[in-house]
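Only one structure is covered here, and it is reproduced in the block below.
The values are calculated or read from the model by the stated rules, or taken from the named source; none is laboratory data. Just so it is clear, the model here is predicted, and its values are computed rather than measured. Note: ideal-geometry Cβ built from the backbone for every residue, glycine included; neighbour counts use all protein chains shown.
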Amino acid sequence: MQYDFTSVMDRRGLDAVAVEHPPRQPGEEFDLIPMWIADMNFPTVPTIPEAIIARASHPAYGYFNPRQEYFDGIISWHRRHNGVEGMAPEHILYANGVLGGVVAALNVMCSRGDNVLVHSPTYVGFTHALGDNGYHIVHSPLVIQDGVWRMDFADMEKKIVENHIHAAILCSPHNPCGRVWERWELEKAMELFRKYDVYVVSDEIWSDLTLFGNKHIPTQSISADAKQRTAAMYAPSKTFNLAGLVGSYCVCYNPWLRDRMAKEASLCHYNSMNVLSMHALIGAYTPEGDAWLEELRQVLSGNVAFACDFIRERLPGVTVCRPQGTYMLFLDCSEWCKAHGKTVEDVLQRCYAVGVAVQDGRHFHGECHLRMNLALPQSRVEEAFRRMEQYVFC
Ligand SMILES: Cc1ncc(COP(=O)(O)O)c(C=O)c1O
């Protein structure tokens, strides 16, 4: 490997939420292994700090407009990674965060109080962002078929019709289930959305993090109709560990939707790009960024394979569908809890007691689930699973 994915990075004293503010108090006898919030414990590609430092070395940081390289970087990234042709700067809208962009899109597509279709399990950020902004989520549960999370198209159709739904959120790849949707699945979903005139916010923040050779398919590439009815959200933040810099963007080809979204996004007067985050994106979306990402995918695939094998072989009663993308694992502990007379609360307490800082799956509509972030050096992932075998699922 050209890049360092094995050294254990010390993030203490650097304000990192992952290590400074875990959702529960960890035990003191073990060091903390941060496996909850969705950021990574790897140093990012060197071209990012280089780009930031180069710009920061000029000591004036006044008002600015994004430079051409910013748009060229995004356009060329999507051409190289997703086969997208025809994207132009006017199709790209800045968003202070993907969730802010999701809300701006819904503000155009819906009236307050409207029903919005969202799959469950559900990324907790959607639950809060929609709830906080007066939208009502109608869940369509994903179902496990032969070890794979799938959309239930009949249920989606029923919910759309019964609830007069005209806006949906598609999480692609899906957090927390780790599905990288296949073309036929997206085609079927988009056909339903066309049939009932449902606008789509496609959250593709995880689209670069595909594992085991799975390929991301942009929702907008499914058909001419899908291209017009979809606002797609992206960011370099998950891919390159840049959440603390803030800088997401929306791709929207429908001029009416785009203009309305731009207006909505402007109303708070906060939706402004940060000059260093612009340079971070320019440093990320480079050929070196491609090479780094390729190695990251291998590392994450290795961690996911290790974890899934470990669970199957050594944690009886715990089940998981092997993710095809993201770096999240969504563990179902219900059989183990039933067999041992325990609750997910007991499991969480035991995990935190030994420093394994996982996330409560109930926040994602997993009744007896844990969400685990595997974006750490493999030695840390192995240590976490050793502790879980010895002290949690025992
Ligand atoms: C599916 C999904 N969308 C959005 C976000 C958050 O994006 P942002 O920090 O840009 O709002 C996350 C973060 O984990 C996510 O998993």
How many of the residues making up the stretch 182-206 are in a loop (DSSP other than H, G, I, E, B), under 21 Å from ARG322 (Cα atoms) and away from the ligand (no atom under 13 Å from the Cβ)? 1
Residue selected from the stretch 108-130 under the condition assigned to a loop (DSSP other than H, G, I, E, B) and surrounded by 21 or more Cβ atoms within 10 Å (Cβ to Cβ), by the criterion farthest from the ligand (Cβ to nearest atom): PRO121
Residues that are among the polar types (S, T, N, Q), in contact with a helix residue (DSSP H, G or I) (Cβ under 8 Å, 6 or more places away or on another chain) and either closer than 17 Å to SER111 by Cβ or without any contact (Cβ under 8 Å) to a residue 24 or more places away in the chain (or both), drawn from the stretch 125-156: ASN133, SER140
Of these, ASP259, ASP290, ASP309, which one is of a type outside the set (Val, Ile, Thr), free of Cβ contacts under 8 Å to residues at least 60 places away in the same chain and under 25 Å from TRP181 (Cα atoms)? ASP309
Considering each of ALA105, ALA168, ALA154 in turn, give the residue that is modelled with pLDDT of 95 or more and either assigned to a strand (DSSP E or B) or within 11 Å of the ligand (Cβ to nearest atom) (or both). ALA168
Going by the structure shown, is ALA357 more than 23 Å from PRO121 (Cα to Cα) and either outside the structural domain of PHE126 (by TED's automatic domain parsing) or out of contact with any strand residue (DSSP E or B) (no Cβ under 6 Å at 6 or more places or on another chain) (or both)? no
Confirm whether ASP225 is more than 16 Å from the ligand (Cβ to nearest atom), closer than 20 Å to ARG260 by Cβ and touching a His at 6+ places or on another chain (Cβ under 8 Å). no
Of GLY283, GLY244, the only residue that is under 26 Å from MET328 (Cβ atoms), in a helix (DSSP H, G or I) and over 18 Å from the mean Cα position of the chain (by Cα) is GLY283
If a residue must be within 18 Å of GLN390 (Cα to Cα) and out of contact with any Asp or Glu (no Cβ under 6 Å at 6 or more places or on another chain), how many such residues does the stretch 349-368 contain? 9
Being under 21 Å from the mean Cα position of the chain (by Cα), buried (at least 22 other Cβ atoms within 10 Å of the Cβ) and outside any loop (DSSP other than H, G, I, E, B): is that true of LEU370 here? yes
Please specify each residue of the stretch 141-172 satisfying the condition of being over 19 Å from the mean Cα position of the chain (by Cα) and of a type outside the set (A, V, I, L, M, F, W, C). GLN145, ASP146, GLY147, ASP152, ASP155, GLU157, LYS158, LYS159, GLU162, ASN163, HIS164, HIS166
If SER277 meets every condition in (1) over 18 Å from TYR70 (Cα atoms); (2) in the same structural domain as CYS177 (by TED's automatic domain parsing); (3) within 16 Å of the ligand (Cβ to nearest atom) apart from one, which number is that one? (1)
How about the stretch 269-287: which of its residues are surrounded by fewer than 21 Cβ atoms within 10 Å (Cβ to Cβ), under 28 Å from ALA104 (Cβ atoms) and touching a residue at least 60 places away in the same chain (Cβ under 8 Å)? TYR270, ASN271, SER272, MET273, VAL275, LEU276
Here are some conditions: (1) within 20 Å of ALA357 (Cβ to Cβ); (2) modelled with pLDDT of 95 or more. GLU28 meets all but one. Which one does it not meet? (2)
Taking the condition of being touching a helix residue (DSSP H, G or I) at 6+ places or on another chain (Cβ under 7 Å) and hydroxyl-bearing (Ser, Thr, Tyr), how many residues in the stretch 243-272 meet it? 3
When residues of the stretch 355-367 are filtered for being part of a loop (DSSP other than H, G, I, E, B) and surrounded by fewer than 24 Cβ atoms within 10 Å (Cβ to Cβ), how many remain? 4
Residue satisfying condition, being exposed (fewer than 13 other Cβ atoms within 10 Å of the Cβ) and either under 19 Å from GLU204 (Cα atoms) or more than 16 Å from the ligand (Cβ to nearest atom) (or both), within set GLY73, GLY97, GLY83: GLY83
